[in-house]
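What follows is one structure encoded as structure tokens, with my remarks underneath.
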Amino acid sequence: MAVTELKNNNAPGLDTGRVVRHKLVDRLYHWIMAGSVFALMGSAFLPIFGIKFEWLTIHWIAGVVLAVCVLIHIVRAVIFQDRMSMVVTPTDVKNGVRIVKRAMGQDAPAPVKPGKYNALQKLYHLGVAFFILSVIGTGLAMLTKIDTPFWKRNPYWLGDSDWGYIYAIHGFAAMFMVSMVLIHIYFALRPDEWHLLRSMFRGWISGKEYKAHHDPSRWPAETKK
């Protein structure tokens, strides 16, 4: 498909065109990561509720898959994508203040349109990054305590008190990740966010949706026919 970068909001064809939001590799990463997170959650929490199965193998394999996905994502984000698109900017902070003031009935200018991601999406991403890296870091350490086809366990790698800290961090981060996943699902299913949900399946939003929700000076459009 032809892809063209449009620098201006009134570019010909934008009203009827499709704006690329997520490329195929990014959508694959998202859904593989989602599958591994759900596998981790199910294998971690279902046995607590009395559903018995061989959960350990599922859990550590899903954890390794998640770690590899996150590593690939970090490399891709740093080298091939716009790193600043996920950074909270002064404009995002100003927008947040304006939204709060207007919600409280105070006079304030209307918030400006965001770039590709708004401030709440950026903050959510930072929260997920913190908790998921905590889960992965502690989880990889815990892999030394089990036998796999690739290595033999070494339960004496750390002392008892150190393992206690690792278990505590892993457990708390996992619980927070459950909350983050539920928040993500809730907002994805809201009707006003359906264009974003569709973009995670098909990769695009419509030109009209782009013009309605985004500032082209902060996120130049790439359209495809």
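The values are calculated or read from the model by the stated rules, or taken from the named source; none is laboratory data. Given the structure is predicted, the values throughout are model-derived calculations rather than measurements. Reconstructed Cβ throughout: ideal geometry from the backbone, glycine too, with neighbour counts over all protein chains shown. Side chains are part of the model used for accessible areas, which takes the heavy atoms of the whole protein and leaves out ligands, DNA and RNA. Shrake-Rupley method; radii C 1.70, N 1.55, O 1.52, S 1.80 Å.
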Item to complete: Express the carbon and sulfur contribution to the solvent-accessible surface of the stretch 138-182 as a percent, rounded to the nearest whole number, probe 1.4 angstrom.
Response: 69
Discussion item. Just to verify a number: FRET efficiency for Ile169 and Val93, C-beta to C-beta distance, R0 = 41 Å, to 0.05?
Written reply: 0.85
Worksheet, complete the sentence: Plugging the Cβ-Cβ distance of Thr144 and His213 into 1/(1 + (r/R0)^6) at R0 = 35 Å yields, to the nearest 0.05, a FRET efficiency of 0.15
Discussion item. For the ranges 140-150, 60-70, what's the packing order if you count other beta-carbon atoms within 10 Å of each residue, average per peptide, and put the highest first?
Written reply: 60-70, 140-150
Item to complete: Determine ³J(HN,Hα), in whole Hz, for all residues of the stretch 157-162 in sequence, where each value follows from phi through the Karplus function 6.51 cos²θ - 1.76 cosθ + 1.60 and θ = phi - 60°; x replaces Gly and Pro.
Response: 4, 10, x, 4, 5, 5
Worksheet, complete the sentence: Rounded to the nearest 10, the angle in degrees between the Cα long axis of helix 55-79 and the longest principal axis of the Cα atoms of the chain comes to 40
Practice prompt. Could you tell me which label, among (i) 1.04; (ii) 0.93; (iii) 1.23, carries the value of Cα Rg over 2.2 N^0.38 Å calculated for this structure?
Written response: (iii)
Item to complete: Using the heavy atoms of the protein chains and a 1.4 angstrom probe, tell me the accessible area per residue for the chain in square angstrom.
Response: 64
Worksheet entry | Largest to smallest accessible area among Asp107, Asp215, Asp82 [probe 1.4 Å] | Asp107, Asp82, Asp215
Item to complete: For helix 24-45, report the angle its Cα long axis makes with the longest principal axis of the Cα atoms of the chain; keep it between 0 and 90° and round to the nearest 10°.
Response: 40
Worksheet item: What nm distance separates the two modelled labels at Arg27 and Val75, each placed 7 Å from Cα along Cα→Cβ?
Response: 2.3
Response to the item:
Order by accessible surface, 1.4 Å probe, largest leading, for residues Asp92, Asp162 comes to Asp162, Asp92
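Could you work out the helix-only [θ] at 222 nm for the chain, with each DSSP H run of four or more residues adding -39,500 (n - 2.57) and the total divided by the number of residues, to the nearest 500 deg cm²/dmol?
That calculation yields -20000 deg cm²/dmol at 222 nm.
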